[in-house]
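Just below is one structure, and these are the notes that go with it.
Values in this text are rule-based calculations from the coordinates and carry no lab data. Keep in mind that this is a model prediction, so the values were computed, not measured. FYI the Cβ positions are ideal-geometry reconstructions off the backbone, even for glycines, and counts take in every protein chain you see.
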Amino acid sequence: MNDNTNEGSAAPIITPPALASRWDVTVKHLANMRCEKVGPSYVKLGGVVRYRLSDVEAYESRHLVNVAA
């Protein structure tokens with residue numbers, strides 16, 4: 001029997017390599033963004049960086065450029 005009460009309730013997460021691939025940038029670029037305090041919010045636990053998908057999508061939405069006439 002699985003006694004994990006949080007199962008299914010955690011927000012989807014993205015690793016730095018996955019985000020770098022999504023944005024076609026390097027992992028180093030993401031590290032620089034974090035150092036400069038720009039980019040999406042992230043979680044860092046025990047030296048491991050992860051991005052919540054909702055934060056990535058919100059950041060992308062804030063930087064959407066509308067070119068419609």
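Taking H as built 1.01 Å from N, whose amide H comes closer than 5 Å to the amide H of ILE13, not counting residues under 5 places away?
LEU53
If you take the beta carbon distance between ASN32 and LEU53 as r and set R0 to 35 Å, what does 1/(1 + (r/R0)^6) give as a FRET efficiency, to the nearest 0.05?
Calculated transfer efficiency: 0.95.
In the neighborhood of PRO12, defined by Cβ-to-Cβ distances under 11 Å, what is the net charge if each Lys or Arg adds +1 and each Asp or Glu adds -1?
Here the count lands on 0.
Can you work out ³J(HN,Hα) from phi for every residue in region 57-68, in order, using Karplus 6.51 cos²θ - 1.76 cosθ + 1.60 and θ = phi - 60°, giving whole Hz and x for Gly and Pro?
5, 5, 4, 4, 5, 5, 10, 5, 9, 8, 10, 5
Hey, what number do you get for the chain at 222 nm if only DSSP H runs of n ≥ 4 count, each worth -39500 (n - 2.57), divided across all residues, to the nearest 500?
That comes out to -11000 deg cm²/dmol.
From the list [x] 1.35; [y] 1.03; [z] 1.18, can you say which value of Cα Rg over 2.2 N^0.38 Å was derived from the structure given?
Correct label is [x].
When ranked by the protection proxy of mean other Cβ atoms within 10 Å per residue, highest first, what sequence do the peptides 28-36, 12-20, 57-65 form?
12-20, 28-36, 57-65
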